[in-house]
Amino acid sequence: MALLRQYLWRLTLTASRGEDHETADVGDWNGGGAGERGRPRAALAAADQVVIGDIDDMSGVYADVLGAGGVESINLAIADFGGTVLGRKIVTLTADHQNKPDIGASKFREWADEHGLNVLFGGSNTGVNIGMAKVAAAKKVPLFVIGAGGASLTNEDCTAYTVHYVYDTTALANAPRPPSSTAAARPGSI
């Protein structure tokens, strides 16, 4: 998962510039968030770990989109990176949101408050990711939406801590299409 490797690489670059990697966050990465430096958060309590979460559908209709395969790709990316970043062990948390926004949001909130979550990957289901985007903004923990395609995640439900990393429904509806079969069937339309 190239996105995860980029995030881990950013932590390494932050430290190589002499910046305090313990207080750097996605706001610094995205060009904003300067006022967030030094803010206390549970992630700083887990100074010996980098905590990565994945909340996705593991048992329902979207389980085959990412589900267990998404968890495996995160684990492979962590292994490719050596299992540590800046001398801190990389820990993975996973949960099944059961396609219910309240479960996804409450699990995100729990991990941010109690487990020192540094970054979350949200899988399929736009409704669940909209709920988690609100938590991302409140907890100031980056959320990478990697499976849901709802256009509102790029627009009205986007926050400073949300990255919609896939297509959205507006882009799909306006993508270039091949000529229709009826146009190709008319003489002289080739």
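The values are calculated or read from the model by the stated rules, or taken from the named source; none is laboratory data. These numbers were taken from a predicted model, which means no experiment stands behind them. Don't worry about glycine lacking a Cβ; one is built from the backbone with ideal geometry, like all the others, and counts go over all protein chains shown.
Take the residues of segment 87-145 that are in contact with a strand residue (DSSP E or B) (Cβ under 6 Å, 6 or more places away or on another chain) and among the polar types (S, T, N, Q): which is surrounded by the fewest Cβ atoms within 10 Å (Cβ to Cβ)?
Among residues in segment 87-145 that are in contact with a strand residue (DSSP E or B) (Cβ under 6 Å, 6 or more places away or on another chain) and among the polar types (S, T, N, Q), the one surrounded by the fewest Cβ atoms within 10 Å (Cβ to Cβ) is THR92.
Do we have VAL85 as of a type in the set (Val, Ile, Thr), modelled with pLDDT under 95 and within 18 Å of GLY70 (Cβ to Cβ) here?
In short, no.
Residue check: is LEU143 closer than 22 Å to ILE52 by Cα and at pLDDT below 85?
No: the conditions fail for LEU143.
Say we look at segment 153-168 and pick out the residues that are in contact (Cβ under 8 Å) with a residue 40 or more places away in the chain and of a type in the set (Phe, Trp, Tyr); which of these is surrounded by the fewest Cβ atoms within 10 Å (Cβ to Cβ)?
Selected residue: TYR165.
Given the structure, is THR170 among the β-branched types (Val, Ile, Thr), closer than 21 Å to GLY67 by Cβ and modelled with pLDDT of 80 or more?
no
Residues that are at pLDDT 95 or above, under 30 Å from THR170 (Cα atoms) and part of a helix (DSSP H, G or I): does segment 108-131 have at least one?
Yes: segment 108-131 contains one or more residues that are at pLDDT 95 or above, under 30 Å from THR170 (Cα atoms) and part of a helix (DSSP H, G or I).
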